[in-house]
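Note sheet for the following structure.
The values are calculated or read from the model by the stated rules, or taken from the named source; none is laboratory data. Since the structure is predicted, the reported quantities are computational estimates derived from the model, not experimental observations. Ideal geometry is used to build each Cβ from the backbone, glycine not excepted, and the neighbour counts take in all protein chains shown. Surface areas here come from the heavy atoms of the whole protein model, side chains and all, with no ligands, DNA or RNA. Shrake-Rupley method; radii C 1.70, N 1.55, O 1.52, S 1.80 Å.
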Amino acid sequence: MTKDLEGSRILITGGAGFIGANLVEACLRRGAGRVAVLDCLTYAANPLSLAWARQQKAFAFHQADVVDLPACKKILAEVHPDWVFHLAAESHVDRSIEQPLPFVRTNVQGTASLLQASLLHWQALPQSSQDRFRFVHVSTDEVFGSLEQDGYFREDTPVAPRSPYAASKAASDHLVRAYGHTYGLPYSMTHCGNNFGPYQFPEKLIPLMILRALQGKSLPVYGQGINIRDWIQVEDHCQALLQVAARGRAGQAYVIGARNDRPNLEVVEEICEVVDRLGLTAPGVRQSRDLIRFVEDRPGHDFRYAIDPAKLERETGWRPQREFSQALHETVLWYQENQPWVEECEKSYAGQRLGLGLTSPGGKSS
Ligand SMILES: NC(=O)c1ccc[n+]([C@@H]2O[C@H](COP(=O)([O-])OP(=O)(O)OC[C@H]3O[C@@H](n4cnc5c(N)ncnc54)[C@H](O)[C@@H]3O)[C@@H](O)[C@H]2O)c1
């Protein structure tokens, strides 16, 4: 992998967000020649996530909106990437339930602009560079809808999105396939399960529960906590994305998962155990699990996601390297040790319940 990355020029949209910032670090640490970020810095971006990257000579940051076609063209001309990783998105299902339109704008229109700019960039490349170019579209397993107790998402699972977020990502997937089919743009598409690890904005389940447990606040579990998600540590996801760019076939989709599907309640209980084991139980709390409260379920809450990553493993040799319990332990420590980063997030989000219904027909989510 290091050999494929050495000297490569890489553009990462959404690089100031959770997965993007981890991908930036992965590329820089593995010797990429140039790593540029295109990000407009919504509420979900945290400038501190790129603090280390900003000290590296190979790093560049471009503040721009992915919907803005002239800006995308200009940045592509400047960065001249071999690989584009497209992660910029509105990413939180609960916010998409409150305000769907920003999801359509960024996830659909933004992908269209970036595709158009990438196509023009690719068409102008000499043949040898054209062969190496890849547009890696980072999609989600949520485009497949919901599973019952059995079965797994695979690349040929029919698309059946059920939240505004999932629908906007599925629409962007269609555009990517269309650019590949119609114009020959070499793309690969990935559908990953639920990520966790450093730099994740604390509106998402794992960091929200960690921070609330550390603060001795109630731990709101949707419904009965029986909904199942397939969890992967973010660095394993980043490694998979790099493998897809280097070894994946153009025009192909890959589902990414670590074979780790478990009910939400089990995840929250394990976070509580880690907090207690580390001696971080909040003052006045006997054991962290006493803080768990069952709250009104998310509207249209998908029951189960589970992923069979056999194609990715077979074609690229990728294997997840991080065991769930150990990675969760490290994640709890990370949030406990990175207070300034947490405080930066708290400027735009105070941990309130999101996503019980439509709050505004338009408006901005940032
Ligand atoms: N988090 C997960 O578990 C998960 C799982 C599968 C797929 N994905 C996908 O991976 C990608 C990244 O997810 P994440 O969790 O890191 O998201 P995130 O919300 O943490 O970060 C998104 C980033 O995109 C930027 N952004 C948003 N709108 C933009 C715009 N119009 N122009 C430029 N930048 C913009 C934000 O500023 C932010 O830095 C998304 O496309 C998401 O759909 C996420």
Original post:
Could you give the angle, 0 to 90 degrees to the nearest 10, between helix 234-247's Cα long axis and the longest principal axis of the Cα atoms of the chain?
Top reply: 20
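Got the relative contact order for the chain handy, in percent, Cα pairs under 8 Å and 6 or more residues apart?
Result for the chain is 20 percent.
Given a cut-off of under 8 Å on Cα pairs at least six residues apart, what relative contact order in percent is computed for segment 185-236? Intermediate results must be reported in sequence, preceding the final value.
On the way: 30 pairs, mean separation 27.2, N = 52.
Once divided by the residue count of segment 185-236, the mean separation gives 52 percent.
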**OP:** Starting from the Cα of residue 249, step 7 Å along the direction of its Cβ; do the same at residue 325; then give the gap between the two resulting points in nm.
**Re:** 3.9
Subject >> Probe 1.4 Å, protein heavy atoms only - accessible area per residue of segment 239-366 in square angstrom >> reply: 49
Subject >> Carbon/sulfur fraction of accessible area - the chain, other protein chains in place, 1.4 Å, % >> reply: 49
Subject >> Over the chain, equivalent-ellipsoid semi-axes from the Cα gyration tensor in Å >> reply: 33, 22, 20
Original post:
Dipole size in debye (nearest 20) for segment 219-366 around its Cα centre, Lys and Arg Cβ +1, Asp and Glu Cβ -1?
Top reply: 440
Original post:
What distance in nm separates the simple spin-label points at residue 80 and residue 339, each placed 7 Å from Cα in the Cβ direction?
Top reply: 4.7
Original post:
Once the Cβ-Cβ distance between residue 131 and residue 160 is put in as r, and R0 is 35 Å, what FRET efficiency do you end up with, to the nearest 0.05?
Top reply: 0.50
Subject >> Added length on full extension, which subtracts the Cα-Cα distance from 0.36 nm per residue, residue 296 to residue 218 >> reply: 26.7 nm
Original post:
For the modelled label position 7 Å from the Cα of residue 303 along Cα-to-Cβ, which residues of segment 152-187 have backbone nitrogen atoms closer than 15 Å?
Top reply: 152-153
Original post:
Taking only pairs that are 8 or more places apart or on different chains, how many Lys pairs in the chain have Cα atoms under 27 angstrom apart?
Top reply: 16
**OP:** Can you tell me how much longer the chain between residue 350 and residue 310 gets when fully stretched, taken as 0.36 nm per residue apart minus their C-alpha distance, in nm with one decimal?
**Re:** 10.4 nm
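Counting alpha carbon pairs within less than 8 Å and at least 6 residues apart, what relative contact order, in whole percent, applies to segment 3-116?
Working: 195 pairs, mean separation 34.7, N = 114.
Answer for segment 3-116 is 30 percent.
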